[in-house]
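Let me give you the structure first, and then I'll get to my questions.
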Amino acid sequence: MSKLHLIIFLPFMAHGHMIPMLDMAKLFNSRGVRTTILSTLAFSDPIKKAQESGIEIGLIIIRLPNQESGLPEYIQRLDQVTTVDLVQKFVEAISLLQEPVEKLIQEFNPNCLVSDTFFPWTTDSAAKFCIPRLVFHGTGYLARCASEQMRLHKPFKNVSSDSEPFILPYLPHQLKFTRTQISPFDLRETEGEFAELIFQSREADRRSYGVAVNSFYELESSYADHYRNFLGIKAWNIGPLLLCNNGDEEKAGRGRKSSIDEHECLAWLDSKKPGSVVYACFGSMVSCTQAQLHEIAFGLESSGQDFIWVVRERRIDEMKSDFLPNEFEERIREKGLIINGWAPQVLILDHPSIGSFVTHCGWNSILEGVCAGVPMVTWPMFAEQFFNEKLVTQVLRIGVSVGNKQWRTVAIEGVQREAVAEAVRHVMVSGEAAEMRNRAKCYREMARKAVEEGGSSYTDLSALIEELSVYRRSK
Ligand code: UDP
């Protein structure tokens, strides 16, 4: 058993943050450290499911202060927040968690608090109880480095138009962006509660003990070095966290209950040739207009490839209930499987019939694509996704961009069907496809080795556990 008595985890209420944090708690647990997650109702089911399967992680359900902040009771997660007024209330609600969380820290006396970047006050809470706070951003090293260099040097100020490219300085590769691809928070062109939360988070991150990174050294070694040595930030790479899940059951139930029977989905994939199916999914937050959905539909159809397409139920415009093109489902009956809602993504990606992944470049999705060893069509939309795209297309060269140039939380008809079809054919059947596939398979192997005993992530986690034990003893 580890000398560490307990680590407390505080995940942010969004699937892209909660899922890897549960994996992290499982991982520490597998190394003999007792772990407890403080979770609102938003994520208690997957934690209970893990407990029922025999994994000894603690769960303390904390109440999101909906009433006190004026947030309607049905809102428990960020993706349910749809208006500026609700954003303000949501931000207020999460700041009100400080008092109950501090009471729990006092009661349980943990060795360390691992909390999401969106809880900036946890740096001070940890300091109050003389324990280290590890920050979890849910992103990889390249994105962290890019974001820091953007903040420090503001290279977007040196261009005269939104479409003129600029290079982010000091990074290991010449990564070019246009202003339209940069978040309004990085451009400092936005105000309001959420922007304020992000700025406070960045300031609190810098005062925290260090950063737990869901990545592995071999994937982005030059950025891991840049982050730690050039930017001087203490960090441990302990991923890919998703690889702590074994067996179909654990892989399927990540985050939410699937909207499709998993066996039916696997049976459909079993009927297809190896490497012949495109999987398209845009994560848990993206919403799409009906016009853009139609472009995706026609693009997938005219690529000529078999596909699974996850259509998010979160829509922002007045769509009819039959929101897909007329007779689309009849036409693609043999070639396509549409999942309306939540897909068992890791289970699907790991199936041998999957040949590529059309992704919005959320960091979890990128890692899941890497661990499955499949090339990707990158379609970044917001958050740090444009940075992640560069890792896939330019650094690792295991994917091709669909060409989106506009940072936006809602996908409107910016990408045409021809671009979708061409990018899909590029990763599936072009002259470069085999090379890309081979490279992707190499990274898959490296990911597995990284988490095995003696691997880079395994060793970094050992070093982190040791350091936290010493921290406790020296106090
Ligand atoms: N996910 C899933 N099924 C879906 C959509 C998403 O299992 O239908 C999971 C996906 O596997 C990933 C997470 O939700 O682990 C999404 O995180 P990511 O960082 O990729 O994107 P975000 O949703 O945060 O934009």
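Please work out if R34 is at pLDDT 95 or above and either among the small types (G, A, S) or surrounded by 17 or more Cβ atoms within 10 Å (Cβ to Cβ) (or both).
Numbers: at pLDDT 95 or above: yes; either among the small types (G, A, S) or surrounded by 17 or more Cβ atoms within 10 Å (Cβ to Cβ) (or both): yes.
Spelling it out, R34 is indeed at pLDDT 95 or above and either among the small types (G, A, S) or surrounded by 17 or more Cβ atoms within 10 Å (Cβ to Cβ) (or both).
If you don't mind, there's one more thing I want to ask. Out of segment 12-30, which residues are open to solvent by 10 Å² or more (accessible area, probe 1.4 Å), within 12 Å of the ligand (Cβ to nearest atom) and not hydrophobic (A, V, I, L, M, F, W, C)? Let's see the steps before the verdict.
Pass one, segment 12-30, residues open to solvent by 10 Å² or more (accessible area, probe 1.4 Å): 16-17, 19, 22, 26-27, 29-30.
From what's left, within 12 Å of the ligand (Cβ to nearest atom): 16-17, 19, 22.
Listed by number, the residues that qualify are G16, H17.
Conditions tested, residue by residue: (1) open to solvent by less than 10 Å² (accessible area, probe 1.4 Å); (2) farther than 22 Å from E250 by Cα; (3) within 8 Å of the ligand (Cβ to nearest atom); (4) touching a helix residue (DSSP H, G or I) at 6+ places or on another chain (Cβ under 9 Å).
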{"residue": "F323", "(1), (2), (3), (4)": "no, yes, no, yes"}
{"residue": "R333", "(1), (2), (3), (4)": "no, yes, no, no"}
{"residue": "Q345", "(1), (2), (3), (4)": "no, no, yes, yes"}
{"residue": "I348", "(1), (2), (3), (4)": "yes, no, no, yes"}
{"residue": "P352", "(1), (2), (3), (4)": "no, no, no, yes"}
{"residue": "F357", "(1), (2), (3), (4)": "yes, no, no, yes"}
{"residue": "I366", "(1), (2), (3), (4)": "yes, no, yes, yes"}
{"residue": "G373", "(1), (2), (3), (4)": "yes, no, no, yes"}
{"residue": "V377", "(1), (2), (3), (4)": "yes, yes, no, yes"}
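Would it be correct to say that E250 is of a type in the set (D, E), within 15 Å of the ligand (Cβ to nearest atom) and open to solvent by 10 Å² or more (accessible area, probe 1.4 Å)?
Working: of a type in the set (D, E): yes; within 15 Å of the ligand (Cβ to nearest atom): yes; open to solvent by 10 Å² or more (accessible area, probe 1.4 Å): yes.
Here the answer is yes, as E250 does meet what is asked.
Return the pairs, sorted by first residue and then second, in which the second residue is surrounded by fewer than 21 Cβ atoms within 10 Å (Cβ to Cβ) and of a type in the set (F, W, Y), the first residue lies in segment 137-160 and is under 22 Å from S115 (Cβ atoms), the beta carbons are less than 7 Å apart, and the residues are 6+ apart or on different chains.
Partner pairs satisfying both residue conditions: none exist.
Give the number of residues within segment 83-107 that are more than 17 Å from L197 (Cβ to Cβ) and either open to solvent by 70 Å² or more (accessible area, probe 1.4 Å) or small (G, A, S) (or both).
Just the residues of segment 83-107 that are more than 17 Å from L197 (Cβ to Cβ), to begin with: 99-100, 102-107.
So of that shortlist, the ones also either open to solvent by 70 Å² or more (accessible area, probe 1.4 Å) or small (G, A, S) (or both) come out as 99, 103, 106-107.
Counting residues in segment 83-107 that are more than 17 Å from L197 (Cβ to Cβ) and either open to solvent by 70 Å² or more (accessible area, probe 1.4 Å) or small (G, A, S) (or both) gives 4.
Anything in segment 60-81 that is surrounded by fewer than 17 Cβ atoms within 10 Å (Cβ to Cβ) and free of Cβ contacts under 8 Å to residues at least 24 places away in the same chain? List them, or say none.
I61, Q67, G70, P72, E73, Y74, Q80 - these are the residues of segment 60-81 that are surrounded by fewer than 17 Cβ atoms within 10 Å (Cβ to Cβ) and free of Cβ contacts under 8 Å to residues at least 24 places away in the same chain.
Scan segment 111-122 for residues that are among the polar types (S, T, N, Q) and open to solvent by 10 Å² or more (accessible area, probe 1.4 Å) and report the count. Spell out how you get there, then give the answer.
Within segment 111-122, the subset among the polar types (S, T, N, Q) is 111, 115, 117, 122.
Pick out the ones that are also open to solvent by 10 Å² or more (accessible area, probe 1.4 Å) and you get 117.
Looking only at that region, the number is 1.
Being over 25 Å from the mean Cα position of the chain (by Cα) and open to solvent by 10 Å² or more (accessible area, probe 1.4 Å) narrows it down to one of H137, H153, H173, so name that one. Step through it out loud before you land on a result.
Details: H137 fails: over 25 Å from the mean Cα position of the chain (by Cα); H173 fails: over 25 Å from the mean Cα position of the chain (by Cα).
Criteria check complete, one pass: H153.
The values are calculated or read from the model by the stated rules, or taken from the named source; none is laboratory data. This structure is a prediction, so every number in the text was calculated from the model and none was measured. Here the Cβ is made from the backbone with ideal geometry for all residues, glycine too, and neighbour counts use every protein chain on show. Accessible surface areas use protein heavy atoms only, side chains included; no ligands, DNA or RNA. Shrake-Rupley method; radii C 1.70, N 1.55, O 1.52, S 1.80 Å.
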